1. Within the chain, what's the longest run with no trypsin sites (Lys or Arg not before Pro) in a DSSP loop and at most 12 other beta-carbon atoms within 10 Å? Give the range, please.
2. Per residue of the chain, what 222 nm ellipticity follows from adding -39500 (n - 2.57) for every DSSP H run with n ≥ 4, rounded to the nearest 500?
3. Multiply the residue gap between K140 and Q99 by 0.36 nm, knock off their C-alpha separation, and tell me the result in nm, one decimal place.
4. When the accessible area of the chain is split by element with a 1.4 Å probe, what percent falls to carbon and sulfur?
5. What distance in nm separates the two pseudo spin-label positions at S12 and L109, each 7 Å out from Cα along the beta-carbon direction?
6. Please compute the modelled spin-label separation between Q22 and Q121, points set 7 Å along Cα→Cβ, answer in nm with one decimal.
7. From the phi angles alone, apply the Karplus equation (6.51, -1.76, 1.60; θ = phi - 60°) to region 61-78 and give each ³J(HN,Hα) in whole Hz, x where the residue is Gly or Pro.
8. With θ set to phi - 60°, apply the Karplus curve 6.51 cos²θ - 1.76 cosθ + 1.60 along region 79-87 and write out the HN-Hα couplings as whole Hz, x wherever there is a Gly or Pro.
Amino acid sequence: MLSKTIEASLNSQVRIEAESSQIYLAMACWAEVKGLEGVANFMYAQSDEEREHMLKLIKFINERGGHAKVSELKAPNVTFGSFKEMFEKLLEHEIFVSQSINELVHISLEERDYATHNFLQWYVAEQIEEEAVARNILDKINMIGDDKGGLYLFDRDIQNLTVTTTAIDPNA
Ligand code: FEO
């Protein structure tokens, strides 16, 4: 059974994951209208992943005797000055999500809720990977600079940009 404090904190995270999904959906749309299909597809997939993160939380809350809340969401940015700016925003956002997960882990220990603490380890591992992917993309974008040919190749190859981290995935 979840305490009220844990339930409210998990529900805040539901909202953050839902907003992440919207933020990345808006990035996908912007990339698509700018003609970078590879980047757009990558961002559509990121948006879907965030929805999965949200659903995983929702199921956990409901299964543990709480009530997951579907709330209104903050409107995301829909345009960006450049792809570099867009990916900087993405990394910034993932760092914000990691901080939020860390805070949740902290609360679960304070509440002595070890089931929630264990559940959250998946998110801890996921955030290490998401931040690493975002940093890897930014490194590539910084190398490309204003080179149009480089951006063309980047758009073609972004799907293959995966990062292997040493993080231990408890569900692996
Ligand atoms: Fe679910 Fe990218 O944080």
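The values are calculated or read from the model by the stated rules, or taken from the named source; none is laboratory data. Note that this is a predicted model, so its numbers are computed, not measured. Reconstructed Cβ throughout: ideal geometry from the backbone, glycine too, with neighbour counts over all protein chains shown. Note: accessible area is taken over every heavy atom of the protein model, side chains too, but ligands, DNA and RNA are not part of it. Shrake-Rupley method; radii C 1.70, N 1.55, O 1.52, S 1.80 Å.
1. On the way: sites that count: K74, R112.
Result for the longest clean stretch: 1-73.
2. Details: 5 runs with 126 residues, N = 172.
After summing the helix terms and dividing by residue count, I get -26000 deg cm²/dmol.
3. Working: separation 41, 0.36 × 41 = 14.76 nm, distance 2.49 nm.
Result for the pair: 12.3 nm of gain on full extension.
4. Numbers: 5000 of 9630 Å².
The nonpolar share, carbon plus sulfur, comes to 52 percent.
5. For S12 paired with L109, the spin-label model returns 1.7 nm.
6. Simple spin-label model gives 3.4 nm for this pair.
7. 4, 5, 5, 8, x, x, 10, 5, 9, 9, 10, 5, 10, 6, 5, x, 4, 10
8. Per residue, the Karplus-derived 3J(HN,Hα) values read 10, 9, x, 6, 5, 4, 4, 4, 6 Hz.
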